[in-house]
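These notes are about the structure you will find just below.
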Amino acid sequence: MREKMERNVRVYKRFRFSQNMLIIGPVLVPYMIFKGLSYSEIMLLQSISAVSVVLFEVPTGSIADRVSRKFSLVISSLIMGIGLSMYIFMKGFAAFAIAEVLFGLGLTFSSGADSAILYESLSRIGRKGEYSNIEAVSMSQIFAGQAAGSVASGFLYSLSPYIPFWISVAMLFLSGIFSLMFVEPPERMKPKQSYLVHVARVFGTAFQKPRVRWAMYFAALMGVMLRATFWLYEPYFKLINLDIAFYGVVFAIFNLVSAFSSRYMVKTMGSVRPRKVLMTMGFMISGAYLLPLLFRGFFSIVLLLPGQLVRGMYTPVMRFYVNNQVEDSFRATMLSIVSLSANLSFSIFSPLIGACLDGIGTVPVYFAMGVIAAVVNLSLLQLRRVHKRKGAVIGGA
């Protein structure tokens, strides 16, 4: 059994790397504009994608808990590959909306299931404490790979806009092959109740546990602020007159910074309470919006880097924090609920961000995002203090 669980850890890294090695990032917005979409339509598509994730997140997480982690991961890569393929063969807002729904559905099948199978495999062999570091190393490898892919994508895009998409689709199907190599962790406690009862119990647990509720609130904040950075880079690049030929190089630098953050900063902060690390990230993401407004020029790109530091740390820290709050039978569904919170907030606010970009411009949007991030994070800091005081009272009772 130990050998199989050790193999799961190795396969996990390969699966995560190939499923996330989508090299379309630097050219995605230009590609959508090339396909005739406006900023408002682009952000509306992201809202549709997020809504689809909201709708599918908990049902697919429940499938991972009730049926099989492995099944969820296999079907995830397949559906994501089909959705991304539609970007190559189709055009127009309606077709892209369908593609986003499919891609979102595929994404939800792996959301929670991948983290759960790693955490449970490590738990079975007495290595649960290594979870954050393994997750961080995996993320750093993804970012390093995306850095190389970012440089290549710019040149490949100049040859044909479709080449980066073909490569990305191939990587998704490769991840599907790796997912077949997983072994379901033995002695895993599965929910015995019906689907509706299971979901209701997980939601009940989520809202009853103050720390899980706090994680949901924080995920809602980062769901907007962190995800929006990707879509707001291109307008900022235009603001500082950055040539599109340099987009890939800049994204490569971003990914290398995220790789460093994931591999080393997560390890450095291993002795710090996860919720304290998350709060620090909240203030950093605020700075990632406000600092670039102070100086606007080619070198102001450096002021966007706090967002990449957060990008590298957020997933390993948040997943470890949530995993420590729940039991096996609820794990994937609970992770999905926290992810649902992030996607729901993004689905609500992304169309507004797109409309503001078209209506009032880049600078006001960046300023508003930075201020809102700081205010909400301060509110969550206060909520954290309330939880600590209540815990102290209960502990002393």
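The values are calculated or read from the model by the stated rules, or taken from the named source; none is laboratory data. If you're wondering where the values come from, they're calculated on a predicted model, not measured in any experiment. Counting neighbours? That spans all protein chains shown, and the Cβs are built from the backbone with ideal geometry, glycine included. The area values use the complete protein model at the heavy-atom level, side chains included, leaving out ligands, DNA and RNA. Shrake-Rupley method; radii C 1.70, N 1.55, O 1.52, S 1.80 Å.
Here's a check for you: in the range 221-239, which residue that is of a type in the set (A, V, I, L, M, F, W, C) and open to solvent by 20 Å² or more (accessible area, probe 1.4 Å) is farthest from the chain's Cα centre (by Cα)?
Here the answer is 239.
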- Message: Anything in the range 278-328 that is touching a Gly at 6+ places or on another chain (Cβ under 6 Å) and aromatic (Phe, Trp, Tyr)? List them, or say none.
- Response: 289
- Would you pick out the residues in the range 273-286 that are closer than 20 Å to residue 362 by Cβ and out of contact with any Leu (no Cβ under 8 Å at 6 or more places or on another chain)? 286
- Message: What's the total number of residues in the range 166-187 that are open to solvent by 60 Å² or more (accessible area, probe 1.4 Å), touching a helix residue (DSSP H, G or I) at 6+ places or on another chain (Cβ under 7 Å) and in a loop (DSSP other than H, G, I, E, B)?
- Response: 2
- Query: Here is a list of conditions, (1) modelled with pLDDT under 85; (2) open to solvent by 20 Å² or more (accessible area, probe 1.4 Å); (3) more than 30 Å from residue 131 (Cα to Cα); (4) touching a helix residue (DSSP H, G or I) at 6+ places or on another chain (Cβ under 8 Å), and residue 47 meets all of them except one; can you say which number that is?
  - Reply: (2)
- Answer yes if at least one residue in the range 191-206 is at pLDDT below 75, in contact with an Asp or Glu (Cβ under 8 Å, 6 or more places away or on another chain) and outside any helix (DSSP H, G or I), and no otherwise. yes
- Return the total of residues in the range 1-30 being buried (at least 18 other Cβ atoms within 10 Å of the Cβ) and not in a helix (DSSP H, G or I). 4
- Message: Please verify whether residue 296 is among the basic types (Lys, Arg), touching a residue at least 12 places away in the same chain (Cβ under 8 Å) and assigned to a helix (DSSP H, G or I), treating the condition exactly as stated.
- Response: no
- Query: Considering only the range 96-152, how many residues are open to solvent by 10 Å² or more (accessible area, probe 1.4 Å), on the phi > 0 side of the Ramachandran plot and in contact with a helix residue (DSSP H, G or I) (Cβ under 6 Å, 6 or more places away or on another chain)?
  - Reply: 0
- Message: Give all pairs with beta carbons closer than 9 Å in which a residue from the range 158-174 that is within 11 Å of residue 81 (Cα to Cα) meets a residue that is of a type in the set (Lys, Arg); count only pairs at least 6 apart in sequence or on separate chains.
- Response: 174/14
- Task: State which residue is farthest from residue 169 (Cα to Cα) when the search covers only the range 99-126 and only residues that are touching a residue at least 24 places away in the same chain (Cβ under 8 Å) and not in a helix (DSSP H, G or I).
- Result: 125
- Query: Filtering the range 276-326 down to residues that are basic (Lys, Arg) and crowded, with 19+ Cβ neighbours inside 10 Å, which residue is farthest from residue 225 (Cα to Cα)?
  - Reply: 319
- Qualifying residue in the range 353-366 (condition: of a type in the set (Gly, Ala, Ser), in contact (Cβ under 8 Å) with a residue 40 or more places away in the chain, over 17 Å from residue 234 (Cα atoms) and surrounded by fewer than 19 Cβ atoms within 10 Å (Cβ to Cβ)): no
- Per the list (1) open to solvent by 50 Å² or more (accessible area, probe 1.4 Å); (2) over 26 Å from residue 256 (Cα atoms); (3) at pLDDT below 85, residue check on residue 89 breaks on (3)
- Query: Residue check: is residue 36 open to solvent by less than 10 Å² (accessible area, probe 1.4 Å), farther than 23 Å from residue 131 by Cα and at pLDDT 80 or above?
  - Reply: no
